[in-house]
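Beneath this line is the structure, given in structure tokens, with notes to follow.
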Amino acid sequence: MIQPSFQDPAERPERIITQVITRLKTHALRDLLLMALPPLAALFYVGFFLHRAAWLSLEFFALTSLAMAGSLLVAGLLRFRFSAASRSLAARLVDQKAAAKDRFLTLATIDPSKAPSFFVERLRQEAATLVKRIHFKKEFPYRIKRSFFVSIVVSVCIILLFHLLWSIAYRSSTPARPSEDLRLLARKIEQAAVFPDLARKLESAAVKLQDENISEAEKQALIQELIKNLEQQLAAGSAGDARDDLLRQVRDALQGLERDFQKGSAQKGAGGIKSNLPDHREGQGTGSEKGEGGEAKHSQLQDSKNQELRGEKSGKEKEPEPGKKQNEGRGDRNQGTERRPEQAKQEKEEKGSKEKAESGSKGFKRQDEEIPQGPPPERFHKAGAEGKQGVKAARYVVVQLPDEFEAAAGEGVSGKGKRVRAKTPASNAPLRSPDTPGAAGEKQLLPLEYRGLIR
Amino acid sequence: MQPEEFHDLFSLLEAEVKKIIVGHAEVIRKILVAFFAGGHVLLEGVPGLGKTLLVKSLSRALGLSFKRVQFTPDLMPSDITGTQVLTESNGRRDFQFKKGPIFAQLVLADEINRATHKTQSAVLEAMEERQVTVFGETFSMESPFMVLATQNPVELEGTYPLPEAQLDRFFFKLLISPPSPSELKEILHRTTGSGTPEVSRVFPENGAGQIGAMKSLLRQVLIAPPLEDYVVRLVHSTHPTEQPRNPPVSEIKNYLRFGASPRGAQAIILGAKGNALAEGRVHVSYEDIASVTYPALRHRLILNFQAEAENVGPDQILTALVKKVPRD
């Protein structure tokens with residue numbers, strides 16, 4: 001007769017079912033964490049990126065992160081609750097591993113109070129011998145599920161998609177209004193908790209930029225003043241490396257704003273006018289040769305310009321009293337009318353070569369050119385306007401000399417040094433406008449105005 | 001009684017019957033399980049497979065009274081139940097009820113489908129109620145009581161197929177297949193040689209008490225609730241009208257007119273318990289349920305005309321059922 005045993009619940013073989021349930025719950029929790037952490041990290045990264053770009057404030061970022069973590073926790077708990085192994089499932093697993101023919105399932109699910117005790121004890125005896133077949137850790141190991149790898153892939157895709165959309169939005173976005181830029185800068189400095197005065201100044205500048213009663217020149221002057229202050233602080237060099245970087249960032253942003261401002265005011269038509277006509281040089285030698293060398297010269301010019309600008313900037317940082325010299329240098333550069341002749345010549349050559357290379361282009365745009373203040377340079381003159389270099393977009397037409405000049409010209413050409421002097425003008429009829437079709441090719445009688453031009 | 005004692009006696013019974021019957025081990029086990037579960041069995045097979053010998057051997061091993069009734073078309077119900085006979089004693093004449101063959105403990109109803117429905121129904125009351133009413137007087141059957149009926153699947157002319165109500169009262173329907181070549185050779189050795197073996201009695205003269213204890217023990221076998229749920233799902237899936245629009249077992253809707261009754265579920269549970277105990281276990285497993293599903297349900301599924309036209313049998317439907325109904 002089998003003696004009843006297993007009075008102590010701790011000794012009963014069905015205890016293994018409880019252990020299996022605990023283990024399966026741990027596995028389910030690990031699966032959940034592995035599945036939830038990558039997307040959470042991805043979302044945190046996106047939020048942190050936006051926060052660093054000053055799109056999100058620290059409080060909003062912290063709140064959003066907490067909300068995301070909280071919601072994921074709740075969703076995880078709910079899923080964990082439904083995916084946690086039931087008692088019968090755990091018992092079936094044990095039966096499977098121990099080849100127990102549903103003994104553990106029966107022990108786990110029957111009500112011992114309603115079943116014959118003798119049968120229950122007999123079942124426990126049989127199950128106890130079978131428990132020894134189970135090596136717990138070997139039979140129920142943890143394996144990383146496919147959901148984890150899917151989660152990682154999805155998270156990486158989220159991050160890549162975000163960066164792709166960010167770069168597309170950044171390229172295609174219209175320039176923010178200057179006031180918004182300044183506000184963002186102010187917020188950035190405020191978040192860094194340094195230079196509170198500067199932050200306030202930027203904020204007030206942003207307000208002023210939005211004010212329509214303030215003129216463009218005053219706005220530009222305001223920006224220049226801010227830049228000057230920043231240059232002074234940088235030159236003082238007392239803020240520290242990280243703060244210097246911040247100041248430089250702000251300064252670069254302000255300089256960019258200034259350029260945008262000047263570009264905008266230039267396009268509105270104050271002083272200089274952008275010419276739509278190509279600047280032809282048909283009468284001045286072969287343009288093709290210039291075109292070939294022009295591209296190389298253009299790149300050299302770009303480099304030299306950049307070097308000059310860099311040199312000026314570094315020079316400004318090193319000088320003990322940067323204010324005056326910087327202003328002078330800036331004023332010199334920005335005036336435009338007192339340009340160096342070499343630079344002007346190089347620019348013209350560069351224009352010609354550029355137009356040869358890009359036949360479809362209408363105008364010439366140089367990214368690194370600083371828009372000078374004051375009256376615009378001659379290249380912005382309208383066609384027909386007179387400048388130091390002559391009449392803008394002047395065209396040359398074939399002129400038919402009067403008979404008496406032709407005869408004199410023939411004699412002059414044969415000999416060296418002889419000049420033909422017109423005695424009587426043939427006509428003072430004006431030339432047709434150079435943009436008239438066929439104007440360049442027509443032969444016209446020499447008018448009075450061109451007397452001094454014939455050599 | 002202990003489970004080990006049950007197992008020992010069960011094995012002894014099997015061994016005694018196997019002395020005479022070659023092969024058919026599964027049929028012998030199922031008949032014994034049905035006996036201890038308190039059910040009746042319908043055996044179907046061609047003539048000459050030893051159905052009658054099987055039942056006779058069983059009755060000898062069990063030590064029970066045995067009667068064989070050959071059903072013919074002219075058999076009357078009174079030939080089965082018994083009738084009033086006029087007797088004379090001490091100068092007095094009186095009617096005395098003479099019990100029919102149905103009053104044995106083990107009754108072999110041979111070729112039951114040859115008798116008329118009226119005669120077949122005479123067996124019905126005895127099978128279900130364990131009693132017979134003749135001329136208003138009720139006579140109870142002796143315990144234990146079991147009816148083993150046989151039918152021939154070949155001779156369909158002049159036969160009366162059993163009505164569904166009577167079919168449902170059989171616990172199991174077992175198919176007896178022809179012996180294999182090796183089995184046939186063994187049969188020839190045993191039956192055509194000298195010295196046929198004898199079946200020994202396993203239970204003593206007053207062995208009814210022991211048999212009763214074994215029957216009681218069978219009902220105490222443990223069965224887990226998930227297994228009971230599985231049996232319920234199985235039986236419920238056999239009803240074509242209870243299926244959803246796209247049932248998992250399409251054969252049910254296509255080929256069945258009516259499904260199994262609750263007796264089918266009872267037969268599965270009791271049969272699984274008997275099977276478990278026969279293997280020396282005190283609990284039911286999924287394998288026990290799988291082994292008794294076919295005998296318990298094949299005669300309870302009523303096929304429609306499409307099944308008959310396409311020659312689809314109940315076993316094919318049950319195969320699909322067992323495959324598609326989930327265990328959990």
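The values are calculated or read from the model by the stated rules, or taken from the named source; none is laboratory data. Please read these numbers as outputs of a predicted model, since none were measured by experiment. Virtual Cβ from ideal backbone geometry, glycine too; neighbours counted across all protein chains shown. The accessibility values were calculated without ligands, DNA or RNA, using every heavy atom of the protein model including side chains. Shrake-Rupley method; radii C 1.70, N 1.55, O 1.52, S 1.80 Å.
Details
- Solvent-accessible area lost on pairing B with A (1.4 Å probe, both sides summed) amounts to about 1600 Å².
- At q = 0.09 Å⁻¹ the log10 of I(q)/I(0) for the range B:84-218 amounts to -0.45, computed by Debye summation with a single uniform scatterer per C-alpha, solvent ignored.
- Residue order by solvent-accessible surface for B:Met127, B:Met76 is B:Met76, B:Met127, largest first, with ligands and nucleic acids left out and a 1.4 Å probe.
- Among the residues of B:215-224, the average count of other protein chain beta-carbon atoms within 10 Å of the residue beta-carbon is 4.
- Using the empirical formula 2.2 N^0.38 Å as the baseline, the Cα radius of gyration of chain B reaches a ratio of 1.05.
- The residues packed around A:Arg143, meaning those with a beta-carbon under 11 Å from its beta-carbon, carry a net charge of +2 if Lys and Arg are +1 and Asp and Glu are -1.
- Sequence-separation-based contact order of the range B:222-324, relative, with Cα cut under 8 Å and 6+ spacing, percent: 33 percent
- Length released on extending from B:Ser180 to B:Glu228, taking residue separation times 0.36 nm less the Cα-Cα span: 13.6 nm
- Three principal axis extents describe the C-alpha atoms of the range B:222-324; from largest down they are 44, 25, 21 Å.
- If you take all other residues with their beta carbon under 9 Å from the beta carbon of B:Leu43, and give Lys and Arg +1 and Asp and Glu -1, the sum is +1.
- Using a Förster distance of 22 Å, the FRET efficiency for A:Glu212-A:Lys263 (Cβ separation, nearest 0.05): 0.70
- The relative contact order of chain B comes to 22 percent, based on Cα pairs under 8 Å that sit 6 or more residues apart.
- The residues packed around B:Thr52, meaning those with a beta-carbon under 9 Å from its beta-carbon, carry a net charge of +2 if Lys and Arg are +1 and Asp and Glu are -1.
- Of all DSSP beta bridges confined to chain B, the antiparallel ones make up roughly 45%.
- Net lengthening on full extension, B:Lys324/B:Thr72 (0.36 nm per residue, minus Cα-Cα): 86.5 nm
- Greater than 18 Å apart at Cα, pairs in B:Lys56/B:Lys215; A:Lys132/B:Lys273; A:Lys25/A:Lys137; B:Lys67/B:Lys173; A:Lys219/A:Lys263; B:Lys30/B:Lys324: B:Lys56/B:Lys215; A:Lys132/B:Lys273; B:Lys67/B:Lys173; B:Lys30/B:Lys324
- If you take the Cα centroid of the range B:84-124 and the Cα centroid of the range B:34-72, the two points sit 19 Å apart.
- Reduced Cα scattering model of the range A:21-111, Debye log10 I(q)/I(0), q = 0.16 Å⁻¹: -0.73
- Pairwise FRET efficiency - A:His135 versus B:Ala290, Cβ, R0 = 35 Å, nearest 0.05: 0.75
- Solvent accessible area, Å² - A:Ile227, 1.4 Å probe, full protein context: 10 Å²
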